[in-house]
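Single-structure report; data block below.
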Amino acid sequence: YFFFNCGLYSIKGTIPSHINSISILPIENESSEFLIAELLSEKINNDLLDENILKIIDQEQAESQLVITIKSIEDIPFTYSIDNQESEQVDEWRITVKVSFLWYDLIKNENLVNKNISGVGIYKSGLDIGSDGIDNDNDRLIDSEDSDEIGSPRESAVRIAIEKITRIVINEITSTW
């Protein structure tokens, strides 16, 4: 007879046991986009609160600290078409938001994570992102099938990029050790 001991375990890392709280410094913005820091800050705060990963408190009492800097936002042509006069025009744009983030252990005075990451969104100029016929966030859902494809093209692409960055940051925090 074999007996198995049932228990809970995780194959991914966990947050260091001495860290139960985090302070999130105001996001530094080195890009030319004024509102991007506010959007990213709101998304990260909300997702950390929703997922109840760490208690968010002020810097003086926190055991860890999150420091994020928006390095750049780039719009680059993604797809082209040729019109009747055989001149090229851009059909789709790819927006890339690049950030650096540091998660710092304030108790042991050491970096837990220090990375440069980016988030990407795709959009067509002039078309509502919910009816442009493309998979703007590369999740294999298009337009009405995808609940997050709504609004003006570029703003929605920025929001999609921010969502991807937020997911990466949270995944890095929860799988550090």
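Assuming charge only on the beta carbon of Lys and Arg (+1) and of Asp and Glu (-1), the dipole of segment 65-177 about its Cα centre is about 840 debye to the nearest 20. Rolling a 1.4 Å probe over the protein chains gives GLU74 an accessible area of about 80 Å².
Annotation: GLU172 carries an accessible surface of approximately 40 Å², with a 1.4 Å probe and no ligand, DNA or RNA atoms counted.
The antiparallel fraction among DSSP beta bridges confined to the chain stands at about 85%.
Rolling a 1.4 Å probe over the heavy atoms of the protein chains gives the chain an accessible area of 62 Å² per residue.
A cut-off of 5 Å between modelled amide H atoms, ignoring neighbours fewer than 5 places along the same chain, links LYS55 with SER21, ILE22. In this view, the solvent-accessible surface of ARG167, computed with a 1.4 Å probe and all protein chains in place, comes to about 90 Å². For the chain, the 222 nm mean residue ellipticity estimated from helices alone, with every DSSP H stretch of n ≥ 4 adding -39500 (n - 2.57) and the total spread over all residues, rounds to -7500 deg cm²/dmol.
Between VAL90 and PHE34, what FRET efficiency comes out of the Förster formula 1/(1 + (r/R0)^6) with R0 = 22 Å and r the beta carbon distance, rounded to 0.05?
Details: r = 24 Å, r/R0 = 1.11.
For PHE34 and VAL90, the calculated efficiency is 0.35.
Just the number, please: carbon plus sulfur as a percent of the accessible area of the chain, 1.4 Å probe, no ligands or DNA/RNA counted. Before the final figure, lay out the partial values.
Values: 5440 of 10900 Å².
Taking all protein chains in place, the chain shows 50 percent carbon and sulfur surface.
Treating each Cα of the chain as one equal point scatterer and applying the Debye formula with no solvent, the log10 of I(q)/I(0) at q = 0.08, 0.15 Å⁻¹ comes out as -0.34, -0.89.
The values are calculated or read from the model by the stated rules, or taken from the named source; none is laboratory data. In this text the structure is predicted, and so the values were computed from the model without any measurement. No Cβ is skipped: glycine too gets one built from the backbone with ideal geometry, and neighbour counts run over all protein chains shown. Surface areas here come from the heavy atoms of the whole protein model, side chains and all, with no ligands, DNA or RNA. Shrake-Rupley method; radii C 1.70, N 1.55, O 1.52, S 1.80 Å.
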